[in-house]
Amino acid sequence: MKKNIYISITALGLALMTFTGCVKDFADPSRATEDKIGESTQGLTGVAVSLQSRYTAGRGNIYNAITISGFLTNEITLLNQGNTGEFQLSVGGNTLDGGNTVIGALWSNSTKIIFDADYVISRVNNVPDKGFASGLLGYATIFKSLALADLAAFWEKVPASTGQNATFITRNEAYVKIIADIDRALTAISTNPISSSFTSTIPQGIDIPNTLRALKARYALYAGNYPLALSSANAVDLSKKSVFLSTSINQNGIFGTVTSSNNVWQPIDDTFGLPVGLQPVADDKRISFYLSINNTIAPKWRMAGFAASLTSEWPVYLPGEMTLIKAEALARPSTATQADLDNALVELNKIQTKTASQDPLGVGANLPALVGPMTKDQIMTEIFRQRSIEMYISGQKLEDSRRFGRPQAERKRNFVNYPFRERDQNPNTPTDPAL
């Protein structure tokens, strides 16, 4: 007999979060009931909403990506060696292998997010309300893009699909794929603007069109497409913010795991892990934004900023990142002229002189302007320095360190090994990197 079973969006989202495996044998969300509620607008929305919780909550992608990048680039320091996965990352080098729990969690979580996002994306055309459908497409594309980029940040190659025995593509191919997905979502939103019925259904805080444009700028930069990175960054409204909101129930993952426990890791110190010559100056107001001081109980330096409380909002991207993308897109091409470098310096000074009140997220250095002219090498070094401070604990530092050709001594690894579980199940898994 056919059963009529009502499943709420929340229940469906919680059910989807029980998965802990890798790139294969994912449960089809449409099997929730015999009525295939996963095919309905409500069911698709439930799957989409679960993406944000999986990405942000607890030891989700935000925690894992920040922890991997933070340890490998000296942004953070270990507090308790009993946290084995984090301890291995703090040592780096050949101490890391495919059995590391933090690395394995980022891999499995990312591939699950991609799988569920693809499930939504492939079915949005069945949603009668086209404004609701474009919202679903844009929202799911954001999390698919973030998850695929997290894989590309730490592995030399990433799965081309989430099927059995998936083949692999290069990191650059992954970024190109992300940009194509974003373009499809932006086109759909332009044709059918997102309806209020959709925005009132999902967690608040994310500006979908602005976020898509910002992520397009970020990944175009990483793919080496500097004209596209520049035009995309210019299309982002820097007066707006896009954040993952936290509540007493859906808590800020970094605060819950790091700040409140003081038993895993904390910021290394007010050098932000940068070498002499690149460290923030004492008057840089971003130090007091990102760090707090405890002079009574070690460690002295603690997380503040976006991890100051269990309800602190976490940015999907920083407006300052877009300004720094413009600077890099102007200065990095081999054809860059002195005029381009001068324009890049203009963008850098927008970050250097910005006050907290001028930034939607409250991030501001409030320092005197840099004086030019500067050479290309000087500009590029300053861009790296500013990104390391402005975007501290964002999970982007390892990508930056490699891209800017920083000395190997500043990184404990360039890429990480593939999880043992993936290698055991997928014969197409690439060879592990040398370092």
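No lab work stands behind these numbers, since they all come straight from the coordinates. Note that the structure is a prediction, hence the values are computed from the model and not measured. Using ideal geometry, Cβ is built from the backbone for each residue, glycine included, and neighbour counts are taken over all protein chains shown.
Taking a Cβ cut-off of under 14 Å around SER242, the surrounding Lys, Arg, Asp and Glu residues balance to a net charge of 0, with basic ones at +1 and acidic ones at -1. One decimal place: the segment ASN414-THR335 gains 25.7 nm when fully extended, by the rule 0.36 nm per residue minus the C-alpha distance.
Between SER122 and SER261, the distance separating the two model label sites (each 7 Å from Cα on the Cα→Cβ line) works out to 3.6 nm. The slack in the chain from ARG184 to ASP97, taken as 0.36 nm per residue of separation less the alpha-carbon distance, amounts to 27.6 nm. Given axes a ≥ b ≥ c from the Cα gyration tensor, I'd like to know whether segment 243-405 is rounded (a/c under 1.5), prolate (a/b larger than b/c) or oblate. Cα axes put segment 243-405 in the prolate bin. Distance between the pseudo-spin-label points of VAL176 and GLN42 (7 Å out from Cα toward the beta carbon): 4.3 nm. If you work out percent of Cα pairs over 37 Å apart from the coordinates, which of (1) 22; (2) 27; (3) 16 do you get? So the calculated entry is the one marked (1).
Taking Cα centre as origin and charging only the Cβ of basic (Lys, Arg, +1) and acidic (Asp, Glu, -1) residues, the dipole magnitude of segment 243-405 rounds to 220 debye. In the chain, the longest principal axis of the Cα atoms and the axis of helix 130-154 are about 50 degrees apart.
Near VAL416: Cβ cut-off under 15 Å, other residues only, Lys/Arg at +1 and Asp/Glu at -1. The net charge is +2.
Maximal additional length on extending the SER195-SER248 stretch stands at 16.3 nm, based on 0.36 nm per residue less the C-alpha distance. When the charge dipole of the chain is built from unit charges on Cβ atoms (+1 for Lys and Arg, -1 for Asp and Glu) and taken about the Cα centre, the candidate among THR84, VAL124, ALA147 whose Cα reaches farthest toward its positive end is VAL124.
Spatially close Lys pairs in segment 299-431, defined by Cα atoms under 18 Å apart and a spacing of eight or more places or different chains, total 5.
Peptides 69-79, 106-116, 190-200, 165-175 ranked from most to least packed, by the mean per-residue count of other Cβ atoms within 10 Å: 106-116, 69-79, 165-175, 190-200. For the chain, the longest principal axis of the Cα atoms and the long axis of helix 41-56 meet at an angle of about 30 degrees.
Using the Cα centre of the chain as the reference point, and only Cβ charges (+1 on K/R, -1 on D/E), how large is the resulting charge dipole? Debye, rounded to the nearest 20.
Approximately 300 debye in magnitude.
Only lysine pairs 8 or more places apart or on separate chains count here, and in segment 78-228 those with Cα atoms under 22 Å apart total 11. When a/c is below 1.5 the answer is rounded, else prolate if a/b is larger than b/c, else oblate, so apply that to segment 81-130 with a ≥ b ≥ c taken from the square roots of the Cα gyration tensor eigenvalues. Prolate, because a/c is 1.5 or more and a/b exceeds b/c. Kindly express, to the nearest 10 degrees and within the range 0 to 90, the angle between helix 101-121's C-alpha long axis and the longest C-alpha principal axis of the chain. Its long axis makes an angle of about 50 degrees.
For segment 142-203, a crude dipole built from +1 on the beta carbon of Lys and Arg and -1 on the beta carbon of Asp and Glu, taken about the Cα centre, is about 60 debye to the nearest 20.
Relative contact order for segment 363-435: 22 percent, from Cα pairs under 8 Å spaced at least 6 residues apart, divided by residue count.
Could you work out the relative contact order of the chain, using alpha carbon pairs under 8 angstrom and six or more residues apart, expressed as a whole percent?
Relative contact order, the chain: 19 percent.
In a GNM of the chain with a 10 Å cut-off on Cα contacts, which of ALA185, ALA336, ALA344 has the highest mean-square fluctuation? Comparing ALA185, ALA336, ALA344 in a Gaussian network model of the chain, the most mobile one is ALA336. Packing order of peptides 96-105, 270-279, highest average first: 96-105, 270-279 (average count of other Cβ atoms within 10 Å over each peptide's residues).
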